[in-house]
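Read the figures in this text as sums done on the coordinates, not as results from a lab. Source: prediction; values computed, not measured. When we count neighbours, we look across all protein chains shown, and the Cβ atoms used for this are built from the backbone with ideal geometry, even at glycine.
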Amino acid sequence: MGIPSEDELLRAARRFDRQALAEIYDRYSPVLYTYAMRLLGNPELAEECVADTFQRFLLALRAGGGPDGYLKAYLYRIAHNWITDLYRRQPPQIVELSENVAMDASTNPENAAETRLERERVRSALRCLTADQRQVIVLRFLEELSIEQTARALGKPLGAVKSLQHRALTALARLLEDRGKEQRL
């Protein structure tokens, strides 16, 4: 038998099949951790978010609830809600993007420095977006979710996510342009 589909895993998880639950955790915990790290910038909080996401998922199953489909989007939504709750309780921390950019021996130090400056410019611009705008950018372009998956993950109508994405990209472009002008001066 091949790799179980999301629907097969979900049916087995509703029966509390340990193998299916382990497969769901193994399949989705790395992407949820990456998502949480991008938004929180803190490994301990990201781990806590992932653990609580799966705990809430199991509690929903035990209560006869949980997703009818789109398990990945459902888990992203739980993580999103957890992060939103955290932001409400405390001010958001600085959003950090991965520093793990592979550079081979032929990389010019000037190019490496330029790449690092550009990355910092993008980080700075992302911090200026609203939390919702930042989450749409992260889900769409860093996590590579479709617009439909992003809407399901955020629990927002498709049109609202499209509009939010448009505003976020417009704001990000403007911020990057302004910072580019400042650097040239």
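Quick notes on this structure:
- Charged-residue dipole, Cβ positions (Lys, Arg, Asp, Glu), the chain about Cα centre, Debye nearest 20: 740
- Between the helical axis of 71-89 and the longest alpha-carbon principal axis of the chain there is an angle of about 60 degrees.
- Here the stretch 1-96 is treated with +1 on each Lys and Arg Cβ and -1 on each Asp and Glu Cβ, and its dipole about the Cα centre works out to around 280 debye.
- Gap separating the Cα centres of the stretch 1-70 and the stretch 124-160, nearest whole Å: 20
- Check: the stretch 104-185 dipole with +1 on Lys, Arg Cβ and -1 on Asp, Glu Cβ, in debye: 420
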